[in-house]
Amino acid sequence: MSLRPSAEARLVATFAATVLALVVVAWLVVTSAEAWSAHDEALRGALAREPVLSRLSTTTADATRTPLTVRVDAMLAPAVRAHGVVQRDAERLRSLGAVFAALVVVMIAVGLALWQRMASERRRLESELASECTHDALTALPNARFFSEWLAFAIANARREGSHVGVLFIDIAGCAAVAEHHGGPAAEALLVEIARRFRASARDGDVFARLGAGEFALATSNASDVRELAMIAQRLRDVLNDPAQPPLADTPIGTSIGLAFFPEDADDSAGVMAAANAAMYAARRAGRHHVAFNALAA
């Protein structure tokens, strides 16, 4: 499950507060242990300042105990008991402080690992979102937005260099019949296979895109004239009917391709796309498997 930035911020804040609380508790425990240790040292000092009483209390045999030794024992007993209790409590507090310190170290290690995982997940999501914004989810080809931006860039570059940019607008006929006879997944598989064959036939500098439904487009800066652009269109038709590969479908699949050229047909990307689209409709009116230039589109 992906985390939104606000959820990540809340998680980080909660973790930081937990670590801070553990650090404070560990500090209080260690401070208390030091206080108990100081108290223990004070008791030891008190006993050391009464050497005579201490010797009387610890060396007098039970058989020879006198009222004086009994009184000494009575005076020293609370201090001795307190000394033992303080030692035990100090040791317990030290152990508890060590446990809290170890817990803080573990929490910090877990927090760092969690932070790295969140950062990796964020980068993955950003990459996926960027891909979704510029590529078609079904065929993984560039989408209409990416194609329009790339075409504008290519035309601007061609205008500076005095070169050409060709655009082919491709309409695939027959997808609806496949969906009607075999269902939507079969039609989607058909589009994926068409995209694969188009991509395999592309040359360096050619950009294929899926514009929507059964419409594709190709922009190329490799064509120097209209005749070469027509050869590219013929190559696309051939890869869809390649006898060395399985048939695309058991129903007829047609292609109507419209061609437009910069700067002959238009002087900007929107104009070139409109010219190629008009030529494609002219090819469609002429029937399947036709190629039309913008000059033929009335």
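The values are calculated or read from the model by the stated rules, or taken from the named source; none is laboratory data. Given the structure is predicted, the values throughout are model-derived calculations rather than measurements. Methodologically, a virtual Cβ is constructed for each residue, glycine included, from the backbone with ideal geometry; neighbour enumeration extends over all protein chains shown. Protein only, heavy atoms only, side chains kept; ligands, DNA and RNA dropped before computing areas. Shrake-Rupley method; radii C 1.70, N 1.55, O 1.52, S 1.80 Å.
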Problem set entry | Selection within the range 169-188 - over 27 Å from Ser148 (Cβ atoms) and either more than 35 Å from the chain's Cα centre (by Cα) or modelled with pLDDT of 95 or more (or both) | Ala177, Val178, Glu180, His181, His182
Exercise. Which condition does Ala274 not pass, out of (1) within 37 Å of the chain's Cα centre (by Cα); (2) modelled with pLDDT of 90 or more; (3) among the hydrophobic types (A, V, I, L, M, F, W, C); (4) open to solvent by 40 Å² or more (accessible area, probe 1.4 Å), if it passes all the others?
Worked result: (1)
For this session: Say whether the condition of being in contact (Cβ under 8 Å) with a residue 12 or more places away in the chain, of a type in the set (D, E, K, R), surrounded by 16 or more Cβ atoms within 10 Å (Cβ to Cβ) and within 20 Å of Ala275 (Cβ to Cβ) is met by at least one residue in the range 219-234.
Result: no
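Based on what the data block shows, is Ala244 open to solvent by 50 Å² or more (accessible area, probe 1.4 Å) and either without any contact (Cβ under 8 Å) to a residue 24 or more places away in the chain or under 31 Å from the mean Cα position of the chain (by Cα) (or both)?
On the way: open to solvent by 50 Å² or more (accessible area, probe 1.4 Å): yes; either without any contact (Cβ under 8 Å) to a residue 24 or more places away in the chain or under 31 Å from the mean Cα position of the chain (by Cα) (or both): yes.
Considered against the rule, which asks whether it is open to solvent by 50 Å² or more (accessible area, probe 1.4 Å) and either without any contact (Cβ under 8 Å) to a residue 24 or more places away in the chain or under 31 Å from the mean Cα position of the chain (by Cα) (or both), Ala244 comes out as yes.
For Ala244, are the conditions met, namely being over 22 Å from Ser163 (Cα atoms) and either of a type in the set (A, V, I, L, M, F, W, C) or at pLDDT 85 or above (or both)? Quick ask: steps written out before the conclusion?
Working: over 22 Å from Ser163 (Cα atoms): yes; either of a type in the set (A, V, I, L, M, F, W, C) or at pLDDT 85 or above (or both): yes.
So Ala244 passes the test.
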